[in-house]
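**Student:** This is the structure I want to talk about, given as structure tokens.
The values are calculated or read from the model by the stated rules, or taken from the named source; none is laboratory data. In this text, all values refer to a predicted model and were calculated from it rather than measured experimentally. Glycine also receives a Cβ, built like all others from the backbone with ideal geometry; neighbour counts cover every protein chain displayed. What goes into the accessible areas is simple: the full protein's heavy atoms, side chains included, and nothing from ligands, DNA or RNA. Shrake-Rupley method; radii C 1.70, N 1.55, O 1.52, S 1.80 Å.
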Amino acid sequence: MTAADVRTRPVATALRPISLDELNAAAALQTRVDRKYALRRDALAPVLAGLDRDARVLEIDGERRSRYESVYFDTPDLTSYMLAARGRRRRFKVRTRSYVDVGTSFLEVKTRGGRSVTVKDRIAYDDADTTELTEEGAAYTASVFAEVGIDAPGRPLEPVLTTTYRRTTLLLADGASRATVDVDLAWIDHGDHQHFARRLELPDLVIVETKSVGGAGELDRLLWANGHRPTPVSKFGTGLAALRPALPRNKWSRVLRRHFDHVPARPTHAPSRRTRRPAFRIAR
């Protein structure tokens, strides 16, 4: 346990727990403004210390910090990444997300259409298939693309990046706004056919995401008061840009310079593929 963990532990302990069902019921069916912040881990304690004690923290099986793993899929020429890096209005992101502690996984397809509205669709997914797109996953992804009018990529989607982290989820005192706090962040590059897999770990980085109804929420104001402003940061985009510096990266240049570029990646074993299915291709 780090010194920062010791300082923030009383804050998390003091908050009343909330179950996942209660959290979803309290924060469902509302339009929110999302903001992301990247800060050093030792800067988190002063922010959380200011939270109203009516805020609640998600607790599952007695744990208030849950392990996540996401595997992101893209074409060999990184269509999804390039659309995001260049700020294209119509873009997509395909990933599997695993809630490691409870053994549950989903296939998630995030799309952004012509009206700049981001939509996330997902289906339950077999834990054994999280590094692959099954036939069912391929069909589901194609159907989501067709429904929202996103042009399907003409090349196969393959696993390119795995992220792991631990997440604490908060329901703020207004009973509607929520926030996530991600720590112990790590990325594994599956390789671009020229490099071996590499791993990047940033134990000093925290990514906070707020989802407030209407204007800024309580946690936004606390972050601002402590000198932290919203910043473009994407676990997929920023992580891949850090691991592959030759990629276009202007969108995330500030957060890369501040938090990523001074930390070297190290060689690692590529994540194992648990199945031997052919690569996924969507017919145009």
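**Student:** Of (1) under 19 Å from the mean Cα position of the chain (by Cα); (2) in a loop (DSSP other than H, G, I, E, B), residue 107 satisfies all except one. Which?
**Tutor:** The failed condition is (2).
**Student:** Just one of 174, 182 is touching a residue at least 12 places away in the same chain (Cβ under 8 Å), of a type in the set (D, E, K, R) and under 17 Å from residue 259 (Cβ atoms); which is it?
**Tutor:** Going through 174, 182 in turn, just one is touching a residue at least 12 places away in the same chain (Cβ under 8 Å), of a type in the set (D, E, K, R) and under 17 Å from residue 259 (Cβ atoms): 182.
**Student:** Got a number for residues in the stretch 202-215 being open to solvent by 30 Å² or more (accessible area, probe 1.4 Å) and either basic (Lys, Arg) or more than 15 Å from the chain's Cα centre (by Cα) (or both)?
**Tutor:** 6
**Student:** Right, another one. Test each condition in (1) more than 26 Å from residue 225 (Cα to Cα); (2) at pLDDT 85 or above; (3) open to solvent by 50 Å² or more (accessible area, probe 1.4 Å); (4) under 20 Å from the mean Cα position of the chain (by Cα) for residue 98 and report the one that comes out false.
**Tutor:** (3)
**Student:** Something else now. Among the residues of the stretch 1-43, what is the count of those that are at pLDDT below 85, surrounded by fewer than 16 Cβ atoms within 10 Å (Cβ to Cβ) and among the hydroxyl-bearing types (Ser, Thr, Tyr)?
**Tutor:** Selection size over the stretch 1-43: 3.
**Student:** Looking only at the stretch 171-202, which residues are at pLDDT below 90 and of a type in the set (Asp, Glu)?
**Tutor:** 174, 192
**Student:** Would you pick out the residues in the stretch 101-123 that are open to solvent by 20 Å² or more (accessible area, probe 1.4 Å) and either at pLDDT 95 or above or basic (Lys, Arg) (or both)?
**Tutor:** Matches in the stretch 101-123: 106, 110, 112, 115, 120, 122.
**Student:** Please work out if residue 91 is at pLDDT 95 or above, basic (Lys, Arg) and within 19 Å of residue 161 (Cβ to Cβ).
**Tutor:** no
**Student:** Can I ask one more? Going through the stretch 44-80 one residue at a time, which ones are open to solvent by less than 60 Å² (accessible area, probe 1.4 Å), modelled with pLDDT under 90 and in a strand (DSSP E or B)?
**Tutor:** Matches in the stretch 44-80: 60 only.
**Student:** How many residues are part of a helix (DSSP H, G or I) and without any contact (Cβ under 8 Å) to a residue 12 or more places away in the chain if we restrict to the stretch 243-265?
**Tutor:** Final tally of qualifying residues: 2.
**Student:** Still on this structure, I have one more. Go through (1) part of a loop (DSSP other than H, G, I, E, B); (2) open to solvent by less than 40 Å² (accessible area, probe 1.4 Å); (3) not aliphatic (A, V, I, L, M) and name the single condition residue 155 misses.
**Tutor:** (2)
**Student:** Now a separate question. Report every pair of residues separated by at least 6 positions or lying on different chains whose Cβ atoms are under 6 Å apart, first residue within the stretch 110-121 and over 15 Å from residue 141 (Cα atoms), second hydroxyl-bearing (Ser, Thr, Tyr) and at pLDDT 60 or above.
**Tutor:** none
**Student:** What pairs come up if the first residue lies in the stretch 37-57 and is aromatic (Phe, Trp, Tyr), the second is part of a loop (DSSP other than H, G, I, E, B) and open to solvent by 50 Å² or more (accessible area, probe 1.4 Å), and their beta carbons are under 7 Å apart, counting only those six or more places apart or on different chains?
**Tutor:** Here the result reads 37/230, each pair linking the stretch 37-57 to a residue that is part of a loop (DSSP other than H, G, I, E, B) and open to solvent by 50 Å² or more (accessible area, probe 1.4 Å).
**Student:** Using the structure shown, decide if residue 212 is closer than 14 Å to residue 36 by Cβ and modelled with pLDDT under 85.
**Tutor:** It is true that residue 212 is closer than 14 Å to residue 36 by Cβ and modelled with pLDDT under 85.
**Student:** Check the stretch 230-242 and report whether any residue there is assigned to a loop (DSSP other than H, G, I, E, B), open to solvent by 10 Å² or more (accessible area, probe 1.4 Å) and without any contact (Cβ under 8 Å) to a residue 60 or more places away in the chain.
**Tutor:** no
**Student:** Right, another one. Please work out which residue is nearest to residue 253 (Cα to Cα), limiting yourself to the stretch 56-88 and to residues that are among the basic types (Lys, Arg) and touching a strand residue (DSSP E or B) at 6+ places or on another chain (Cβ under 7 Å).
**Tutor:** Checked the stretch 56-88; the qualifying residue nearest to residue 253 (Cα to Cα) is 67.
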